[in-house]
1. State all residues of the stretch B:24-64 that are within 11 Å of another protein chain (Cβ to nearest Cβ) and aliphatic (A, V, I, L, M); if no residue qualifies, say none.
2. Show the residue pairs meeting these rules: Cβ distance below 9 Å; 6+ apart or different chains; first residue within the stretch B:327-355 and over 19 Å from A:Val215 (Cβ atoms) and within 9 Å of chain A (Cβ to nearest Cβ); second residue in a loop (DSSP other than H, G, I, E, B) and among the acidic types (Asp, Glu).
3. Test A:Ser380 against the criterion of being open to solvent by less than 30 Å² (accessible area, probe 1.4 Å), more than 20 Å from the chain's Cα centre (by Cα), free of Cβ contacts under 8 Å to residues at least 12 places away in the same chain and more than 7 Å from chain B (Cβ to nearest Cβ), and give yes or no.
4. Taking the stretch B:305-326 on its own, how many of its residues are of a type in the set (A, V, I, L, M, F, W, C) and more than 10 Å from chain A (Cβ to nearest Cβ)?
5. Can you tell me which residues in the stretch B:153-162 are buried (at least 24 other Cβ atoms within 10 Å of the Cβ) and touching a Pro at 6+ places or on another chain (Cβ under 9 Å)?
6. So, in the stretch A:86-118, how many residues would count as being in contact (Cβ under 8 Å) with a residue 12 or more places away in the chain, in a helix (DSSP H, G or I) and among the hydroxyl-bearing types (Ser, Thr, Tyr)?
7. Of all residues in the stretch A:282-325, how many are in contact with a strand residue (DSSP E or B) (Cβ under 8 Å, 6 or more places away or on another chain), open to solvent by less than 50 Å² (accessible area, probe 1.4 Å) and over 28 Å from B:Cys201 (Cβ atoms)?
8. Those residues that are within 18 Å of B:Ile215 (Cα to Cα) and either facing chain B (nearest Cβ under 7 Å) or touching a Leu at 6+ places or on another chain (Cβ under 8 Å) (or both), I need them from the stretch A:308-325; list them, please.
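The values are calculated or read from the model by the stated rules, or taken from the named source; none is laboratory data. Keep in mind that this is a model prediction, so the values were computed, not measured. Cβ placement follows ideal geometry from the backbone for every residue including glycine, while neighbour counts extend to all protein chains displayed. Quick note on the areas: whole protein, heavy atoms, side chains included, nothing else; ligands and nucleic acids left out. Shrake-Rupley method; radii C 1.70, N 1.55, O 1.52, S 1.80 Å.
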Amino acid sequence: MKVLEGVTVLDFTQAYSGPFCAMQLADFGARVIKIERAGCGDQSREWTPFRNGYSGYYASINRNKESLTLDLTSSKGVNIVKALVEQSDIVLENFKYGTLDKLGLGYSVMKTWNPGLIFASLTGFGQSGPWKHLAAYDNVVQSMCGMMDQTGDPQGDPCRVGPAIGDSFTGLQACNGILMAYFHKLNTGEGQSLNVAMLDTLFGMLEEPILHKTVLGEDLTRCGSHSHSFAPYDVYPCQDGLYTLAVTTDEDFIRCCSALDHPEWAKDLRFATNSLRLAHRDQLNSLIAPLLLPHSRQVLDEIFQSAGVAGGGVLDIPEVVHSPQLEARSMVWSVDDPGLGLHNTMGNPVHMAQTPPTLTRPSPLLGQDTRAILEELGYSSSEITQLQADGIV
Amino acid sequence: MEVFHGIQLLDLTTGQAASLSTATLADFGATVYKIERPSTPDPARSWAPIQQGHSTYFTYLNRGKRSLCLDYTSVQGQTILRQLIQQSDILLHSFSRQELADYGLDYGSLVPLQPGLIHASLTPFGQTGPLAGKPAEDLTLQALSGMMDRTGFPTGPATPAGCRIGHHISGAYLTMALSLALIHRKRTGQGQEIDLSQLDCLFAMMETGPWVYNITGEVLPRTGNTYPSTCPYDTLPTKDGLISVGISTDAQWQTFCKVLDQPELAQEERYLQNQSRGAHYADDLRPKLVAITQQYGKFELEKRLRGAKLACAAVCTISEVMGSQHIADRHMLVTVEDEGAGTVTLPGIPIQLTKTPGTIQSGASVLGSHTAETLRQLGYTPEELTSLANQHIIQQAEEVAT
């Protein structure tokens with residue numbers, strides 16, 4: 001049995017954050033009915049990369065879901081939503097603040113249709129606070145929460161974290177909120193609403209500068225490839241690219257010095273403890289860097305990993321995608337998409353022995369399941385044809 | 001009632017990633033025992049910033065947990081741990097399979113004691129594959145997952161994120177795994193084994209880099225603060241800092257020009273359409289925009305653009321965001337009393353449930369704070385406690401204090 005078998009999720013989200021959240025639930029067996037705007041659908045259907053005219057972006061985050069197109073501004077559309085809400089456990093939305101309320105589809109209405117409903121909102125700034133109305137792009141949120149100020153070279157401009165973690169990490173945290181609410185519902189029968197904001201989840205990742213501010217009154221800013229807390233913990237040029245070395249304890253440092261054939265550095269009064277190493281970081285790096293430079297990343301892996309020291313080469317995307325480790329972990333899933341055809345994508349990392357994540361179907365074509373879902377709700381074939389003619393579905 | 005009320009979790013891990021997850025479970029009501037060995041307490045107990053001789057980073061990672069100091073590598077220590085496992089729901093570790101077997105803690109050995117046990121591990125690479133058992137820190141994982149490759153400017157090097165994203169992302173996935181396992185057990189009575197890899201977790205969040213490569217064969221360059229498909233989507237200098245803007249439609253471009261009193265830019269044909277703006281951006285349009293944005297303060301420009309409903313944000317320092325009304329209204333800073341470090345203000349809980357909210361009620365416990373209480377509940381006498389302490393199998397907080 002799949003963990004979430006029999007659980008129905010009504011997913012009103014589009015773009016990246018919400019669909020990534022709903023995909024986690026779908027991977028574990030929930031039935032996710034994705035409501036898409038009649039006509040155009042999820043905006044990510046227009047996002048690169050494309051193959052055969054279909055978006056690989058959309059295909060990568062909507063597997064295991066069904067697609068129902070619906071005009072939410074029509075009263076007939078609202079009736080269909082009502083019928084679906086009555087049979088669902090979870091509603092997920094990432095509209096701008098207040099949009100569903102205006103459509104008569106807010107939580108206060110939906111809970112009268114289904115008191116046990118779990119209603120999750122995933123937005124840039126949450127359902128409270130002065131910024132709740134603002135539009136959020138990943139760069140806007142990374143700028144506001146302090147993440148961008150903390151990333152990059154101190155001599156250069158602040159830099160965005162490349163992958164849009166403001167969306168994906170917030171999606172994960174929303175998924176966690178939903179699972180908690182569902183566990184609570186299993187125990188008590190009670191539903192509830194919950195909300196997760198991109199600003200909060202990213203701000204919550206910045207404990208290091210936050211604690212330095214609250215505890216010491218210090219203002220930390222970006223420090224490039226260094227760490228504020230550990231040394232040596234840095235990125236070094238090597239023969240075929242860049243190599244990372246990350247030493248966080250004094251025991252690690254002793255092993256690191258032995259691996260570098262300089263055990264005497266571990267006893268050097270400048271380097272004996274982590275705080276001393278931080279204070280003398282430049283001197284330490286000027287000793288370490290030349291030793292790494294002539295070697296390839298692979299040779300350095302042998303030197304450091306076999307000594308029990310955290311080292312690793314900076315990999316490019318083809319190297320990552322073809323990594324033997326990720327392959328051994330079944331992290332590359334092959335999906336036969338109705339639009340794109342066969343393509344590889346990232347799998348689900350939650351390896352559970354009894355209830356593993358599974359691929360049951362590729363991402364749906366726009367409105368692929370509309371007719372079947374409406375038939376399930378009791379609409380006749382002629383009613384469905386009329387709804388289609390009216391542009392409702 | 002709290003979400004995880006009545007759920008008992010034994011956490012044998014150290015460091016950051018798994019601790020973040022068990023802190024979340026504690027915030028939502030689980031009883032979490034953090035179990036450390038007397039000879040090797042969690043290194044995070046020494047992480048800066050330090051206050052009153054105690055780590056406030058440790059407070060952040062281990063608030064709301066009980067501290068049991070027990071040498072579970074000894075035979076007597078294992079007996080005590082197995083007694084605790086019999087009354088617990090989740091055992092969490094970061095051992096290799098060999099270490100687990102050495103300590104008698106492998107899933108197969110424990111199931112007879114506690115058939116519904118959820119037995120979970122979070123390690124850098126997981127329990128299988130050629131890198132299983134190898135060490136890695138957050139930086140290593142950012143390098144190996146491609147996160148670093150995708151972060152930075154086109155002309156500069158691959159750049160690590162300025163926070164420990166590997167720990168946060170894998171910690172959140174661990175919370176997901178534990179919640180799913182609790183749901184499955186509630187519905188079926190079955191426990192199970194969970195094997196999470198931090199590298200897997202980061203890879204799952206790589207977004208476009210692998211998608212583009214897998215679908216078109218193209219290897220994307222780093223794009224700094226720009227985004228290839230919309231223009232201008234960038235971070236630009238002002239008089240007193242930077243501002244990020246996101247203009248996603250041609251109509252928004254016209255609004256942008258109007259708000260900034262730039263009729264010539266608005267009419268210039270090569271900037272009329274998104275794709276053409278993108279093609280003429282780096283050496284042509286961008287310098288013109290910089291000349292304009294540098295005439296404003298960052299918050300002044302932010303206010304002006306937001307007035308026209310354009311997506312933008314001043315690049316904030318930590319102090320600026322911490323001082324915002326929004327962070328206060330969202331309760332994203334919480335002050336607690338820590339047993340060792342005293343009063344500490346931490347980041348709050350981003351998962352906001354309305355009926356069963358999480359709460360951070362206390363800080364972390366000093367090492368061994370709950371050792372005596374826990375063993376007494378298991379039926380050990382004061383004499384036995386003294387004997388175990390003398391043999392260094394357990395440690396109690398009082399001893400640490402002296």
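1. The answer is B:Leu25, B:Ala30, B:Ala44, B:Ala48, B:Ile50, B:Leu61.
2. Between residues of the stretch B:327-355 that are over 19 Å from A:Val215 (Cβ atoms) and within 9 Å of chain A (Cβ to nearest Cβ) and residues that are in a loop (DSSP other than H, G, I, E, B) and among the acidic types (Asp, Glu), the close pairs are B:Lys355/A:Glu190.
3. Working: open to solvent by less than 30 Å² (accessible area, probe 1.4 Å): no; more than 20 Å from the chain's Cα centre (by Cα): yes; free of Cβ contacts under 8 Å to residues at least 12 places away in the same chain: yes; more than 7 Å from chain B (Cβ to nearest Cβ): yes.
Criteria not met by A:Ser380.
4. Initial filter on the stretch B:305-326 (of a type in the set (A, V, I, L, M, F, W, C)): B:305, B:308, B:310-316, B:318, B:321-322.
Checking which are more than 10 Å from chain A (Cβ to nearest Cβ) leaves us with B:305, B:308.
Of the residues in that region, 2 qualify.
5. Going through the stretch B:153-162, the residues buried (at least 24 other Cβ atoms within 10 Å of the Cβ) turn out to be B:159-162.
Across the stretch B:153-162, the qualifying residue is only B:Gly162.
6. Here is the first cut: in the stretch A:86-118, the residues in contact (Cβ under 8 Å) with a residue 12 or more places away in the chain are A:86-98, A:100, A:103-105, A:107, A:110-111, A:113-118.
Narrowing the set further to residues that are in a helix (DSSP H, G or I) leaves A:86, A:100, A:107, A:110-111, A:113.
From what is left, the residues that are among the hydroxyl-bearing types (Ser, Thr, Tyr) are A:107.
The qualifying residues number 1.
7. Matching residues across the stretch A:282-325 total 3.
8. Of the stretch A:308-325, the ones within 18 Å of B:Ile215 (Cα to Cα) are A:316-323.
Selection gives A:Asp316, A:Ile317, A:Pro318, A:Val320, A:Val321, A:Ser323.
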